[in-house]
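We did not get these values from a lab; they are worked out from the coordinates using the rules stated. Quick caveat, the model's predicted, so the values are computed rather than measured. Glycine gets a Cβ as well: all are built from the backbone with ideal geometry, and neighbour counts include every protein chain shown.
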Amino acid sequence: MDAIGILRNGWRRTGRLHSLILLVLGLAAGATALCAADASSHSPAHTVAPGLVVVDEYKVVGIEPELSGICPHPSDDSLYYVAANAHPNYTAKQTAVLPAHYRGKLLTVKRKTGAIVRSFKLVGGDYGGVAYGDGYLWVSSVRPPEILKVNPNSGDIEKHIPLSGPAGGLEYDAQRGALLAQLYVGHPHLAVIDAKSGATTGTLWSDESAMDLAMLNGQLLCTWVSGFGENAFSELRLIDNDTGKVRGRVTLDVVHTVMKVLNPKVAGTEGFISMASINRTNGKVAIRKYSYQSGAVTW
């Protein structure tokens, strides 16, 4: 099934699964309906829940349709990566922010200023999640559906790992030596993919509304959304590493989509970054840096 065709021309099926596939693949192909109510009144530093504190807010280089997966730089806390979609699906009330020559690329961005300091072309398409592990960046590409193994120094693609369908969330599980990819076409599940061979070695349960993943101190975390519209809400979920089932959930204050774990030795805190919707009309988003204390979170 052509994922871009589904997103661009509309799928002639109705119902919840149709809406949620569009919602989550919007990470990769720029669906713009997903946003929460205006959250601009929030200061950068505030407690969302016990053990979960916003400690910083990164500058972004575009609006929601233009951006997909994010990932902290592995050795420089002043930088982060973001995958930029080649074909942003703007609504009538949205104006392009990211310059056209950066679209379809993996960008390295200064978190304090939003300045783009480097860009890698990759396959020049639309993307899903971004992860870091085993010395490489891993990027899910929508068409053809695959995971790209990217040299973070040169931007060279060292491997293409085919997928059965486009992936939204993506994480590297160091304990398994595997990639966890959130798939939606066919049936929602997490594919467990051996990072060396590229073979799918197993599947885990997943909710069709799940967005992205972060492995933090052995805990598998997931962002989840309720649906479309201004009344949509998000949860941070604790996922069972062996089954994929939800072990606990915390309601977030605004809609969150992609996320990725921080390296505490680099970032100075244990936690993660996540992209949060700020304005549903103009597509404005922010990247929040969260401090996460697992023992203090009430699941």
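A convex hull fitted around the alpha carbon atoms of region 257-299 yields 86 Å³ per residue.
If the segment from residue 265 to residue 197 were pulled out straight at 0.36 nm per residue, it would be longer than the present Cα-Cα gap by 21.5 nm. Placing one identical point scatterer on every Cα of region 217-299 and ignoring solvent, what is log10 I(q)/I(0) from the Debye formula at q = 0.22, 0.25 Å⁻¹? Normalising to I(0) and taking log10 leaves -1.12, -1.31. Charging the Cβ of each Asp and Glu at -1 and of each Lys and Arg at +1, and nothing else, the dipole of region 3-296 about its Cα centre rounds to 560 debye. Here the gap between residue 112 and residue 249, fully extended at 0.36 nm per residue and compared with their Cα-Cα distance, gives a gain of 46.3 nm. Size of region 58-127 from its Cα atoms: along the principal axes, largest to smallest, the extents are 38, 25, 17 Å.
Evaluating 6.51 cos²θ - 1.76 cosθ + 1.60 at θ = phi - 60° for every residue in region 46-63, the Karplus couplings come out as 6, 8, 8, 7, x, x, 10, 10, 6, 10, 6, 9, 8, 6, 10, 9, x, 9 Hz, glycine and proline recorded as x.
Descending by average beta-carbon neighbour count within 10 Å, the peptides 204-213, 72-81, 231-240 line up as 204-213, 231-240, 72-81, the highest first. Highest mean packing first, where packing is the average number of other Cβ atoms within 10 Å per residue, the peptides 185-195, 267-277 line up as 267-277, 185-195. The spacing between region 254-298 and region 114-167, judged by their C-alpha centroids, is 21 Å. If a spin label sat at a point 7 angstrom from the Cα of residue 241 along the line to its beta carbon, the backbone N atoms of region 194-225 nearer than 19 Å would be those of 194-196, 201-206, 213-223. Annotation for residue 298 and residue 100: the two label points, set 7 Å from Cα along the Cα-Cβ direction, are 5.3 nm apart.
With N counted as the residues of region 3-296, its alpha-carbon radius of gyration over 2.2 N^0.38 Å works out to 0.89. One decimal place: the segment residue 156-residue 121 gains 11.7 nm when fully extended, by the rule 0.36 nm per residue minus the C-alpha distance. Counting only other residues whose beta carbon sits under 15 Å from that of residue 243, what net charge do I get with K and R as +1, D and E as -1? Net charge in that neighbourhood comes out at 0. Two numbers describe the Cα atoms of region 114-222: Rg and Dmax, which are 13.4, 40 Å.
Between residue 175 and residue 46, the FRET efficiency from the beta-carbon distance, with R0 = 41 Å, is close to 0.80.
So what does the Cα-only Debye profile of region 171-284 read at q = 0.10, 0.19, 0.20, 0.21 Å⁻¹, as log10 I(q)/I(0), no solvent term? Computed log10 I(q)/I(0) values: -0.31, -1.04, -1.12, -1.20.
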